Amino acid sequence: MIATVPDFAGLVRPGIRGLRAYDPGHDLVALRKGREGLVELGSNENSWGCSERVADAIFAAMPNLYRYPDPLGGGLKRALARKHGVEAESVLLGNGSHELLMQFAQVFAGVGADVAVSRYAFAVYQLAAQAAGARLVVAPARPLDDLMPRGHDLDAIAVAAKHGVRLVYLANPNNPTGTWFAAEALENFLSKLPPQVLVVVDEAYAEYVDDPSIGSAVDLLGEYPNLIVTRTFSKAHGLAGLRVGYALAHPSLVAVMERIRESFNVNLLGLAAAEASLSDSYHLSSVRVRNAAERRRLTEALRKRGLNVAPSQSNFVLVDFGQRCARIEAALLAEGVVLRPMGGYDLASCLRITVGRPEENDRFLYALDKVR
């Protein structure tokens, strides 16, 4: 006798029923099969890889794989505290910053405790709000004729956050637009909010920034206890495959979050690799310089081809291809060049393009000229 399969979808909480899993883009594992020289410019990975010190740290840690990792991640927390000039008690570790972004809504948002974001914000913020059963309040982004088209309008978000909002997500620079806001604008925004409204500033791409006006929200932590800053080792540090992220916040907020942290949520190799990467400031600086140079070159090359390229302070650019977007994306994929379609962000005419190494960008441009 075959048992009746329950209606699992009908058993879940209302907020989860309409939830769709995070879309990571193309199935790169499937695409790689039988294809040599695939140019992967769709996932915002670090095209120059990680520090050489990482391999040594992983090799040294491997004999202990049968052991659980440090449950508190003490060594990495202390290293991060030194780097950012905070107490170790202000550091929260995550299995990538994605885990932490979801957990902040799980802990602080829900029915009657809304979540505010900007239009074109990172998709995970919406997932976090919906999974927590919170109402999502979406503020309008800056208009296309603005100096920062599609960027966060902090004044509009402040207005949206006045009634019933418990949690605000901001990304600086923002994914997928690449846009940003200055440190002065952020401080002005924070000064308008009541202390019970928590503000998460997602700085996943902060290491790529070369505009000094942007600064970092970390510098404001001492003045605003309701501020949370998240970062990741997946981007500039080149450790996307190991899933290590962290948040910096007031120690009492971190203590609350530690109550729901999954046991051993950062694995042994991830802890070792992240600490080793932090110690190699030369590699990080080299990545930043090379990325900035290729970002400029790629932007100029695309604009010379008559394309609308948004300003960016990250390791990607957002390009508007107009009505030809879907056709061009499919043709580039057939040429072995993987970009990220943006239809899920209500940007169906745009593609997000990771800044690759010079040879990768050259191949993309050659393929683009071929298919246009």
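The values are calculated or read from the model by the stated rules, or taken from the named source; none is laboratory data. Remember, predicted model here, so these are calculated numbers, not experimental data. Glycine gets a Cβ as well: all are built from the backbone with ideal geometry, and neighbour counts include every protein chain shown.
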Would you check if Y22 is of a type in the set (S, T, Y), at negative phi and modelled with pLDDT under 70? yes
Selection count where residues are surrounded by fewer than 22 Cβ atoms within 10 Å (Cβ to Cβ) and more than 26 Å from F264 (Cα to Cα), scope the range 208-253: 16
Any idea which of R119, R67, R166, R53 is surrounded by fewer than 16 Cβ atoms within 10 Å (Cβ to Cβ), among the basic types (K, R) and at pLDDT 95 or above? R67
Which residues, taken from the range 90-145, are without any contact (Cβ under 8 Å) to a residue 24 or more places away in the chain and of a type in the set (S, T, N, Q)? Q126
Is there a residue being of a type outside the set (A, V, I, L, M), assigned by TED's automatic domain parsing to the domain that holds A217, more than 26 Å from V309 (Cβ to Cβ) and buried (at least 16 other Cβ atoms within 10 Å of the Cβ) anywhere in the range 138-161? no
Which residues, taken from the range 352-366, are in contact with a strand residue (DSSP E or B) (Cβ under 8 Å, 6 or more places away or on another chain) and either surrounded by 22 or more Cβ atoms within 10 Å (Cβ to Cβ) or without any contact (Cβ under 8 Å) to a residue 40 or more places away in the chain (or both)? R352, I353, T354, V355, G356, F364
Picking from A330, A272, the residue that is surrounded by 19 or more Cβ atoms within 10 Å (Cβ to Cβ) and not hydroxyl-bearing (S, T, Y) would be A272
